[in-house]
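Below is one structure, written out as structure tokens; the observations come after it.
The values are calculated or read from the model by the stated rules, or taken from the named source; none is laboratory data. Since we're looking at a predicted model, the values are computed, not measured. For neighbour counting, all protein chains shown are included, and Cβ atoms are generated from backbone atoms with ideal geometry for every residue, glycine included. Calculation scope for accessible area: heavy atoms of the full protein, side chains included, ligands and nucleic acids excluded. Shrake-Rupley method; radii C 1.70, N 1.55, O 1.52, S 1.80 Å.
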Amino acid sequence: KIEAIEAMDFSTVDRALSSLPRRHPPLPRDVLDRTSRLLALRAAGPFGGDGGSEYVDGILWLTAGDVAGSAGGEETAPERWETLAVGLRMAVDYLEGRTDELPRLGGDGEEDEGTGLGTGGGGVYAEGPRVPATTPDGSASPPSAAIPAGEEASSETECKPPTSSSPVFRLMSSLPSAVGRHVEHPEPRVRSLVAQAVGAHARHATRLLVWSGGQSDGSADDGADLAESIGRCQEGRRSVLRAILASLRSHLEMTEPSRAGGPSTDSGGALDDTTGWRALETNLHALASYVDGCAGRSGSDGRAGGGSFLDEEADLLAPADGGGGSWLLNGLRRCCTEHVNRHVRAAGAAVLGVLVKSCSRSRDDPAARGLLADDGSPLRSVLRDALRSTLADNWSQVRMAGSVLCRRYLLALLGMAEEGSDGEGGEDDEEEEETLFETAVDDLAPMLLPRMCLNRFYIAQGVKLYSQETWRLVFGGGASSAGTLRSADDGDSRSAGDGVRGGGGMGAVARNAAPICRYYARACDADNHAVREAGCQGIAELARKVGGHPAYAGYLSPHVGALLQALIMCFHDESWPVRDEACLACGTFCLAYPDECEPELGTLFERWTEQLTDQIWSVREDAAVALGDAVAAYGPGLYERVLAVVRKSVSAARDQPAMSREDYARIQNDIDAHTNQQLYSCGSLAPKLRKGGAGRIGCSSCVVNRPKAPWEATDGCVYLLRELCARFPDRDSTEHGGVVVTDDTLLPLMTELADVCRLSHYPQSDDLRTTLWRQLPPIAGALGKRRFKTLYLDLFVDLLARNLDERSGMSQLSVHAAGQCAEDLASLIGPGVFRGRLEAAGTDAGFAFDRVMEERRRERAAVGAAGRFRDGVGEMFRSPFGPPMTV
């Protein structure tokens, strides 16, 4: 019998303590008794309510790390890690509480946005940013909200100056030795908690140091003892750093063990791209936590300083005597750009991020400014390489870490650039040729902009939303802009009230069109299908925004050919979302640059018509949208070719082989077809979706692919008819003066479509009717009430009446779509008139229509009761997992 082991929960101190009695094998009795006492102390008040003396004794007892065996008293039982981990968790919580009682320093809460290590506080990226901080109106909090470095902030927490007898000093004195013993602990959860404890210790020690430097009226009896206690805290803080650096340096010098003998059976040698790399990752997080905790004042301004990492450890960032560069910066460069382990790459970016933050705190110091901005700075060189690699990493986790580093670095540079331009700008700022971003980053712009642009479309929601928010912070735009390219004409600015420089984000993109286009073209040829999809979306945005702007269209024109070739290559992609985005992007390019795209029009038309019969419905729909764009760009000649496709394919469903629903269900549920097949996972080593032409595996591959069905060609024609009617309905509303969809052309096509949709000899006929009911209201709205009611309504009303009846045997999807279609058409034509037409078509059609309308009223009432509708109009609400939506 295998006993279930209760998982440890470190989300709160109470949960961590409560996890200990549930562990198996049971912990010794003295551990359980101590746990019960600590829980009672926490229930009595903050840290026991007696100044925390007994509470600290409990923490020290747990972190002693000598608890072994179990309740059974086995002498040979291994040392238990759980008590040590809980003790470290309690130490972090206690030190954070005591730190909050001291005056807060500017920079302590700077740009945290929930990026702590899971226990609050700190700006170290380890678990990932959560929902970005927003103001009450839904816009992002401005970065300027942070308190300037070196200034104290008022806090609602009452300031409680410590005394030399405070129990916090006992914990501060003993914690460095615990860190030194366990920085390479074999249990990764312990190492992670050690990293948190390092940050909490450094933050409290630094706060004490700065607080004591501003005191001039201390007690004569306690002043010397208190100063001595604070001094010991600083010695312990520096000893913690020495332990971390020693372990980090030894791990950086490690090489991957030989795999000649096959995979290692020893977990200690399991070094791969998925699991952690011994203690290297946690050492990096510990170093990041330490640097972030050292938020003291720089002594460069002549005031009482201390606790500034840059002041105390400047040698770590300086080149070695032999001219080989800083071992720390060289190691961080390798971690971010070359290391095989994704966790290590992300942790390396975290360290660089807090180094940038430390420089920002001391930006009044010319040396700190130079580390970030000078061309010859070794830190700037490492940041350039790290951002180039992490912002384009194949793992979303690393790409997210790079995005956090990118935002922090950019905001630091922009802050320095704004300070440097104070008093120099004026009314002519709007006429400047560069944005503040381009001025601040200088030669980094051609490298950063392409990656920043593409990550706004990356498939991982965290990366995408964070990158969009970064774009808004850097280039401006309201909360509704979703991080898109905006120009000066769109009202784009970095912050409210500032003049727009250099055309905003769109101007910066246009001036850097060459590197952006090259990067997008490479992305379309990447091995990662998510990168290829994002590349196609980025190219479509260039065509739509830059290509449609009269002032910037010329910047993109020389690169249209290369981008078009990249998109045409993606038409053959195995991943259907890539094909879908490439299809749309090509249509957008034809609208923006018809002359440049015309040489490839034959190839594009062939690809679009192929996509119009694709197995994926969204690909068919977007192929229709692209063909509509092309007709708007090229006029009557292409319009006739499109009509020929519709006339040929609209009746294709007649050729669909007959099949009963039972046979179709039996094929779908054939167990042999779903047994012992290749499994695919984004976290496995299974084959990924390849580019077209390299052999087909995975989604939409020849192994799992099926032939195109005739009914899918008819389904694509429904979307295409919608596009033609919506964009070229009459002389007054057409998007091209030479193209109008006349009744002589449309009526035969709609008649044939209605007849084909009545067929039911194949099970997918319900899917075709579902598409028809979803697209018929837009068609009716485009044609107009009188025209549609006179010529086209009667073609479909009998089929719609039959589909509204739930007893018809049609699928629930088609019944629901028919109900929605009936409601929309009734709104256009008039409920009374529409109900009369339905009653003329079927005996019970009027009652079915009444049922549908009543269901819609109940649905709206239910949603309104939930507060998401007001007067029938959908309110805007913000989701942390996606862009704003209308309900």
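Descriptive notes on the structure:
- In this structure, residue 857 and residue 598 have a Cβ-Cβ separation that, at R0 = 41 Å, corresponds to a calculated FRET efficiency of about 0.20.
- In nm, spacing of pseudo-spin labels at residue 568 and residue 743 (7 Å Cα→C-beta vector): 4.3 nm
- Applying 0.36 nm per residue to the separation of residue 61 and residue 249 and subtracting their alpha-carbon distance, the gain on full extension is 64.6 nm.
- Inter-site label distance for residue 327 and residue 12 at 7 Å from Cα along Cβ, in nm: 4.5 nm
- Cβ-Cβ FRET estimate between residue 618 and residue 228, R0 fixed at 51 Å, reported to 0.05: 0.10
- Additional length obtainable on full extension of the chain from residue 173 to residue 242, 0.36 nm per residue less Cα span: 23.3 nm
- Listed peptides 349-355, 177-183, 547-553 appear in the order 349-355, 177-183, 547-553 once ranked by packing, highest mean of other Cβ atoms within 10 Å at the front.
- Extension gain from residue 24 to residue 808, taking 0.36 nm per residue of separation minus the Cα-Cα distance: 276.3 nm
- Charge tally around residue 291: other residues with Cβ under 9 Å, Lys/Arg +1 each, Asp/Glu -1 each, net -1.
- Amide N of the range 341-371 lying under 17 Å from the label point, which is placed 7 angstrom from the Cα of residue 318 along Cα→Cβ: 366-371
- Förster radius 35 Å - calculated FRET efficiency between residue 847 and residue 794 (Cβ-Cβ, nearest 0.05): 0.95
- When each of the peptides 280-289, 18-27, 655-664 is scored by how many other beta carbons lie within 10 Å of its residues on average, the order from highest to lowest is 280-289, 18-27, 655-664.
- Listed pairs 648/789; 160/357; 708/789 exceeding 31 Å between Cα atoms: 708/789
- Count Lys and Arg as plus one, Asp and Glu as minus one, and take only other residues whose Cβ is under 10 Å from that of residue 16; the net charge is then -2.
- Peptides 241-249, 461-469, 727-735 ordered by average Cβ neighbours within 10 Å, highest first: 461-469, 241-249, 727-735
- With a simple spin-label model that places each label point 7 Å from the Cα along the Cα-to-Cβ direction, the separation between residue 54 and residue 165 comes to 1.8 nm.
- Surface share of carbon and sulfur [accessible, 1.4 angstrom probe, percent] for the range 712-763: 46 percent
- Taking a Cβ cut-off of under 14 Å around residue 617, the surrounding Lys, Arg, Asp and Glu residues balance to a net charge of -2, with basic ones at +1 and acidic ones at -1.
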